[in-house]
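**Q** This is the structure I want to talk about, given as structure tokens.
Just so you know, all these numbers are worked out from the coordinates, no wet-lab data involved. No experiment lies behind these values; they were computed from the predicted model shown.
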Amino acid sequence: MSKHQEPTGRTDEPQITLRGPAELADALPYMLGYHPTDSVVLVALHGSRGRFGGRVRLGIPHSPKEWPSVAGQLAECLIEGSERRGKRPDGMVLFLCQDPGEGESGPAVMERLRPLAQGLRTACGAHDVPVYEALCISGGRFWSYCCPDERCCPPEGNAMAVPGTSVMAAAAAYAGIQVRGSLRELEAGLEPPATPAAAEQRRALDRAAFALVPRILEGAGRRGVAEETIALARAALERFAGAPRRAGRAETDRADDLLITHDEAATLIIGLQDRETRDRAAEWMEGPEAEPALRLWRVLCRRCVAPYAEHAAAPLTLAGWVSWSTGDEPAARVALGLALNRDPEYVFARLLHQACNEDLDPETLRDCLREERGRREAAAGGTASPEPSGSHSPPRRDSTAVRRSGTRARATRPAAGRPRRAAAPRTGRAAGIRARRGGPEERRDDR
């Protein structure tokens, strides 16, 4: 249910017919796995019955000056992605989701976003793909940009369906699918909270960068830092494995934050800036190591306080990889999307993001990682250091295993195709913070 596309021969799967804008608006969270916030979502339609296909989600740019170029990128991104899978869209459905700001009303949001909606309709039309419906969802109500009839689409909008009462909600409940809060809530669990502890974490990161970065830049010291980082991460995994998860994700996150000190988190964050070290950490992708590893990476994401926000690309990518490897695709896309927001040139995140969105089987990538581990152990004469049971080694380079699994090294975002210039990390102060909303983050979720 988190994926929709035209059937490829099977006709025994249950089908849901959505009638009208109200049911379309209600279905959106079930398509994505969460309630999109501050987002533009473009969904491809296929066939005479308008079956859902791929989709693209992007945070709505703050500046209206960016809207024309964004509209063109989104339309091109989704249409070309659909064509690569042999299914050019026959139409589109557009959603603009943004809650009212302070002192703003829902109708005001709808009117403010109207130029963006019109730009997207024009951009799709330029590719001969019509937008059949364009909806604005704001403050618990929705409006149609396509229907001029005030009898069914009044200026004050229509109320969204009561949660759990629609045909889509019933089908999702039958399939065991849940909508896990809003996109903002999912992202908040991967971002540093605004607490007084942030200052101490920053000082710990300063100390770790001062101590470790020169060693990583030195050929002789780099391996030592890698071994120390992996050993510390392995000890942390055992600590997390011995601390059971709480009932909810937020409760688990709060408890997990207490399991890692500021200095431990800083050492791991700086150590993971080395590609080879990060790749070894990616080995904890399945079996009993996967859950504690994911919890550890989430903690490290929340410890990447300013001015080290860009360093979060490594733990965010690891969190996305483990989520995808264990079947949680919505969480994987959120984590990988945040990694690309932190650093659009982060090759590993770009390749994993594309592989996840193009619905490649993660088992294919896992097989590649196991093969790479075998080569590493063979090169070491079979004397490789013990690893957690069930873990496997990833490649030494960002792109090797993903390319072998069938993914081309093409970014899912049109921005910045340059590879990273070196494996060594940047110090937090020198790196600077690049606050972007970024190019389109394609959610090409259809099978």
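**Q** From the Cα gyration tensor of segment 326-379, with a ≥ b ≥ c the square roots of its eigenvalues, which class applies: rounded if a/c is under 1.5, or else prolate if a/b is larger than b/c, or else oblate?
**A** Oblate.
**Q** Debye sum, Cα scatterers, segment 40-140, no solvent: what log₁₀ I/I(0) at q = 0.14, 0.16 1/Å?
**A** -0.51, -0.65
**Q** Let me ask something else about it. Largest first and in whole Å, give the semi-axes of segment 222-324's equivalent ellipsoid, each being the square root of 5 times a Cα gyration tensor eigenvalue.
**A** Each semi-axis is √(5λ); the values are 20, 15, 13 Å.
**Q** For segment 16-66, what is the convex hull (Cα atoms) projected area averaged across all directions, in square nanometres?
**A** For the Cα atoms of segment 16-66, the hull's average projected area reads 4.5 nm².
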